Structure formats: structure tokens, C-alpha cells
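Colleague: Below is a structure I'd like to ask you about.
The numbers here are math on the coordinates, done by the rules we state, and not lab data. No experiment lies behind these values; they were computed from the predicted model shown. Note: ideal-geometry Cβ built from the backbone for every residue, glycine included; neighbour counts use all protein chains shown.
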Amino acid sequence: MFSTRRDLKVVVIGAGVAGLATALALKRQGAGVVVYEQAECPGPIGAGVLLNEPGLRALAEFGLRKDVERLGKQVYRLEGSSVTGKLLLDLDLASINASSLGVHRGALFQVLYEACHQAGVEICLGKSVSALSDIDNKRNLTVIADGSASQLRSVLTGQGGNEYKWGALWAAVPAPYWPFPDVLKQVYSGANKLIGFLPTGQADLVTVFWSVRLDMAEAAKTSLDWIEEAVRMAPFAEGLLRSLNSSDFVVARYRHAWAKVSRKLTDMGIVFIGDALHSMSPQLGQGANLALQEASCLARSVSDGDPIWTAQAALRDRARYYSRLSRLLSPWFQSDTPGVGAIRDSVAPLLGSIPAVRREMLRTFAGLKTGWLS
Ligand SMILES: Cc1cc2nc3c(=O)[nH]c(=O)nc-3n(C[C@H](O)[C@H](O)[C@H](O)COP(=O)(O)OP(=O)(O)OC[C@H]3O[C@@H](n4cnc5c(N)ncnc54)[C@H](O)[C@@H]3O)c2cc1C
């Protein structure tokens, strides 16, 4: 059981979405909270993410939804087509009364970081934690939120996870005349070429992502020799694509990991959260959303006095569906296995034409699923 909140001394490792949101929620409950972050100058690396209704609802609980919405852009549809122009996926969120928000990771980070400061969360920068002995032991709850390559997950659970062979180059660039201001657009050519565009709010930013094999990622970032291919796949974005520079891009790597947290660890007051608990490829765009929901869920467990083991199990259950499905789907969108793209291009429109399946696809994209049947 958690002790009374006033007695609760919390250490959070990692000042990402999961760590900051948890720190804020617990501090607001009256706990003493210290965050350790390895970066000297923290800030997100990367471009835009898509927040869905459950993620936004968690932000509302922290009193931050409006601040984030002001900085983002409403996105109502996912449109995925083949290079020949055939529509493969057309998920209209409005048809299930849902929507999402495209927002720069920097904007989300800034809102959470400032709220933590205002709430009085102590944030220690430049402090890398690779073992529990690195932090003071005057704590009764340790929240491990050090992201997808979590060192503590490896040390404490032996689960390092597997890095995908494929990642992406991504950039957020101004595009004031972007013709699809409320659509997440993707174009696929086979399974080894994918270009995507996500409206990202603030100053009419659009996030561009190009799928790339990691062993070629740095060369692709430097040479930008794929731009011609990208223009061929997405001629509607020619002006934008030709304006891009190598320095606009960051290489994104993904990892699949699932921390098996033992009862012994939770009995020591240790909880894993966010990518440290379940890192996944971003095919379904759920990682940040889950991190926000888990922060809210953990804070509720603390408030209700639940045992830590129960709290940890609840976080795991919430993420299981998306973790498994993202692993299943990734090779259909990012791999160099011959024929995979052609099968996907035939099957996806068929699945989308079956009303019950289509509804499940929409609910998955909207972040509303908690299990295969729920
Ligand atoms: C290309 C791409 C697109 C994505 N798109 C989406 C999307 O559309 N929607 C969505 O919901 N999610 C998306 N995600 C996933 C989302 O970004 C992550 O799931 C989310 O950021 C996880 O948050 P986190 O706080 O768990 O980890 P992180 O944000 O990685 O934060 C971890 C923090 O811990 C710190 N840290 C690491 N090691 C240590 C250490 N030893 N000591 C102290 N501090 C440490 C790091 O510096 C970092 O600040 C995407 C991810 C990628 C790569």
C-alpha cells in the first residue's frame, strides 16, 4: 500500500512525457517529488506526435488540455494510399465522433515542464541514473520513466528489448499553404518506402517522416537522395519536399520492449511507466498517449491507496493491446520482405470495407481500445 500522500517521497527517473506527467500529478496530490533527467538541457528530440482523445482527457485531468490544444492542430482523418493513388486506409475519426491533435513534441514537453516547475517539482538535470544506488534512498516510490532504451529496465528486469531494423527520418517544417490541414496522410510503395505528413499546429508546421533502414539512416539524412522518390510518391508535396535540408531531420529509432516487473520490485516501491514499461514502434501512434493515461492512472492508484503491484498491473493491461498490435503491423509498413506490400495493398481496402472491422480499425486509431475484444 502507498503511505499517506503527505508522507510520500517520490523519485521519477526521466523527464519525458511519462515522467513529467507523473511528477506533476503526484506533486499536485501533496507528495514530495524529485525528477532526475540525464540531459543537461532537456528538450524533446523529433517532430510532431498525434494525441488522441484518451491522451487529451488525461491532459485535461492535469489542467493542461487547453494549453496543449492551443499549440496543436485538429486532425480528423488518416488517409493511406499506394503510390498508384489507390486509397488503402481511409479512417474518418469524425464518423465515430473522435478527433486527434497533431502537436510538436517540443510544445507538449514545454507545457508539461512549465507546469511541473509551477507546481514545485524539483527537477535535477544532468543526472543520469543507471542503478538505484545512484539516487538517494529517502523515497517510498520510484517511478522509472527513462524511455524506450531504459537502462533501469535492463538492469532490474533483464528486458533490454529489440531495436527495429527500420526507423524514420522526421522533421517539422513550416508549410503555411499545406492543402491537407486536418489529415494525417501517408503514401506507401511496397513495404520499404513510406512517406507521411502530419499537421502539427504552431506556425503551420507539418511533420514529414520518411521510413528508412537504420543502417542507411545517417547517409539518407546527409544526402537526401530519397527526395526525388518521395516527390514521385507524393507529388502534392513537391514544394515542401524540395525545400527540406539535411539539418531539418532527426533519425528516429524504435524498440520493442515489454518489462516483466516482478512482485519483488513493486514491493520495493518501484513502478515502470511509459516507454520504459512498453516501448513500441510508432505505427499506431500511441506511445505518448499511453504515457499520459498511465500517469493519470498511477496518480489515481496512489490517491486510492492501491497496492503498487495492482497499480503496475493496471498500467501493463492498458498497454498490452497496442504493444502487440504495433509489433504485428510494423513489418507490413516497414520491411524489405518481397511481396509484403502487395498483400497489404490488397487486404487493407477489403478489411476497411467490412463495417465491423472498419469500426475496430477506427477505434484502434482513436486510442479507444483496451483489448482485442473491448
Ligand atoms: C518517430 C516517432 C513518432 C511517434 N509518434 C507518436 C504519435 O503520433 N503519438 C504518440 O502517442 N506517440 C508517438 N511516439 C511515441 C512517443 O514519442 C513515446 O512513446 C513517448 O515519448 C514516450 O514517453 P516516455 O516519457 O516514456 O519516454 P521519453 O519521452 O523517451 O523520455 C524518457 C526521458 O528519460 C531520460 N533518460 C533516459 N535515460 C536516463 C537515465 N539513465 N537517467 C535519467 N534520465 C534518463 C531521457 O533523456 C528522456 O528525457 C512516436 C515516437 C517516434 C520515435
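Colleague: What do you get for the angle between helix 287-304 and the principal long axis of the chain? Use alpha-carbon atoms, 0 to 90 degrees, nearest ten.
Modeller: The helix 287-304 is inclined about 20 degrees to the chain.
Colleague: Is the C-alpha gyration tensor of the stretch 105-199 telling us rounded, prolate or oblate? Criteria: a/c under 1.5 is rounded; beyond that, a/b larger than b/c is prolate, otherwise oblate. All intermediate terms of the calculation are to be shown ahead of the outcome.
Modeller: Numbers: a/c = 3.88, a/b = 1.58, b/c = 2.47.
Note, shape of the stretch 105-199 comes out oblate.
Colleague: Suppose we look only past 20 Å in the calculated P(r) of the stretch 1-99. What percent of the Cα-Cα pairs does that tail hold? Could the numbers behind the result be given before it?
Modeller: Values: 2805 of 4851 pairs.
Cα-Cα pairs in the stretch 1-99 separated by more than 20 Å: 58 percent.
Colleague: Using the Karplus equation 6.51 cos²θ - 1.76 cosθ + 1.60 (θ = phi - 60°), what ³J(HN,Hα) coupling, rounded to whole Hz, does each residue of the stretch 9-15 give in order, writing x for Gly and Pro?
Modeller: Going residue by residue, I get 10, 10, 10, 10, 10, x, 9 Hz, with x marking Gly and Pro.
Colleague: Is the chain best put as rounded, prolate or oblate by its Cα gyration tensor, with a ≥ b ≥ c the root eigenvalues, rounded for a/c under 1.5, and otherwise prolate when a/b is larger than b/c, oblate when not? Provide the component values of the computation, followed by the final result.
Modeller: Working: a/c = 1.75, a/b = 1.65, b/c = 1.06.
The shape class here is prolate.
Colleague: May I pose another question? Give me Lys27, Lys86, Lys369 sorted ascending by neighbouring Cβ count inside 10 Å, so fewest comes first. List each step's numbers first, then the result.
Modeller: Numbers: Lys27 22, Lys86 12, Lys369 18.
Least crowded to most crowded, the residues run Lys86, Lys369, Lys27.
Colleague: Another question about this same structure. What residues have an amide H closer than 5 Å to that of Val261, excluding those fewer than 5 places away on the same chain, when H is modeled at 1.01 Å from N in the peptide plane?
Modeller: Amide H neighbours of Val261, under 5 Å, 5+ apart: none.
Colleague: Which percent, nearest 5, of DSSP beta bridges in the chain are antiparallel?
Modeller: Values: 37 of 58 bridges.
Counting DSSP beta bridges with both partners in the chain, the antiparallel share is about 65 percent.
Colleague: Taking the chain as a Gaussian network, Cα atoms linked when under 10 Å apart, which of Phe109, Phe236, Phe249 shows the biggest mean-square fluctuation?
Modeller: Phe236
Colleague: What residue among Ser148, Ser133, Ser296 shows peak mean-square fluctuation when the chain is described by a Gaussian network model with Cα springs under 10 Å?
Modeller: Sorting by GNM fluctuation, first place goes to Ser133.
Colleague: Cβ neighbours within 10 Å, averaged per peptide: list 353-363, 57-67 in order, most packed at the top. Please list the in-between numbers first.
Modeller: Details: 353-363: 13.3, 57-67: 17.7.
The densest-packed peptide leads the list: 57-67, 353-363.
Colleague: A further question follows. Mind telling me which of Trp258, Trp170, Trp226 comes out most flexible in a GNM of the chain, alpha-carbon contacts under 10 Å?
Modeller: Judging by the Gaussian network model, the answer is Trp226.
Colleague: Given a cut-off of under 8 Å on Cα pairs at least six residues apart, what relative contact order in percent is computed for the chain? All intermediate terms of the calculation are to be shown ahead of the outcome.
Modeller: Details: 771 pairs, mean separation 87.0, N = 374.
23 percent.
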